[in-house]
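To start, the structure itself, in structure tokens.
The values are calculated or read from the model by the stated rules, or taken from the named source; none is laboratory data. Keep in mind the model is a prediction, meaning the values are calculated, not measured. Cβ coordinates were reconstructed from backbone atoms using ideal geometry, including for glycine residues, and neighbour counts include every protein chain displayed. Surface accessibility is based on the protein's heavy atoms, side chains included, excluding ligands, DNA and RNA. Shrake-Rupley method; radii C 1.70, N 1.55, O 1.52, S 1.80 Å.
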Amino acid sequence: AASRPCFAVLNSAGALLALFGAIPDPVDTHRGKVWLLGTPELLKQPLALLRLSRQWTEKLHDRYAVLWNFVDARNQAHIRWLEWCGFRFLRLVEQFGFEQRPFYEFERVRSAGGV
């Protein structure tokens with residue numbers, strides 16, 4: 001509910017594949033905490049997500065100069081996807097979140113040609 005903006009990804013039949021967006025940083029409005037929630041249907045069409053990921057990441061940069069968040073260090077698929085989208089990894093936090101597991105902090109800074 002706090003995302004500005006929030007988008008839905010549908011397949012050609014109208015089935016929901018994913019929701020994604022960015023939550024404004026309460027301290028710095030130029031930073032957005034990016035997130036994506038995929039459905040089991042997304043796993044059936046992973047190339048659709050890859051083809052559009054960079055384009056929609058740029059769309060989120062229309063509002064935020066910096067996109068960032070944390071990703072579970074065990075989740076290699078998400079880490080590879082973030083790299084594909086142009087995110088860089090800043091640091092490993094050894095104990096993060098409810099379960100105190102290792103997470104990477106990541107970010108992507110809008111290119112000089114962006115808005």
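Brief remarks on what is shown
- Checking each residue in region 23-51 for being at pLDDT 95 or above and touching a Lys or Arg at 6+ places or on another chain (Cβ under 6 Å) picks out I23, P24.
- Here S111 clears all of (1) loosely packed, with under 13 Cβ neighbours inside 10 Å; (2) under 15 Å from W35 (Cβ atoms); (3) hydroxyl-bearing (S, T, Y) except the condition numbered (2).
Each row is one residue, and each column tells you yes or no for (1) in contact with a His (Cβ under 9 Å, 6 or more places away or on another chain); (2) open to solvent by less than 30 Å² (accessible area, probe 1.4 Å); (3) acidic (D, E); (4) within 19 Å of F89 (Cβ to Cβ).
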{"residue": "L36", "(1), (2), (3), (4)": "yes, no, no, yes"}
{"residue": "L43", "(1), (2), (3), (4)": "no, no, no, no"}
{"residue": "L47", "(1), (2), (3), (4)": "no, no, no, no"}
{"residue": "T57", "(1), (2), (3), (4)": "no, yes, no, yes"}
{"residue": "W68", "(1), (2), (3), (4)": "no, no, no, yes"}
{"residue": "A73", "(1), (2), (3), (4)": "no, yes, no, yes"}
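- Residues in region 75-106 that are of a type in the set (F, W, Y) and open to solvent by less than 70 Å² (accessible area, probe 1.4 Å): W81, F87, F89, F96, F103, F106.
- Close pairs from region 82-100: first over 25 Å from E58 (Cβ atoms), partner open to solvent by 70 Å² or more (accessible area, probe 1.4 Å), Cβ under 6 Å, at least 6 apart: L92/Y104
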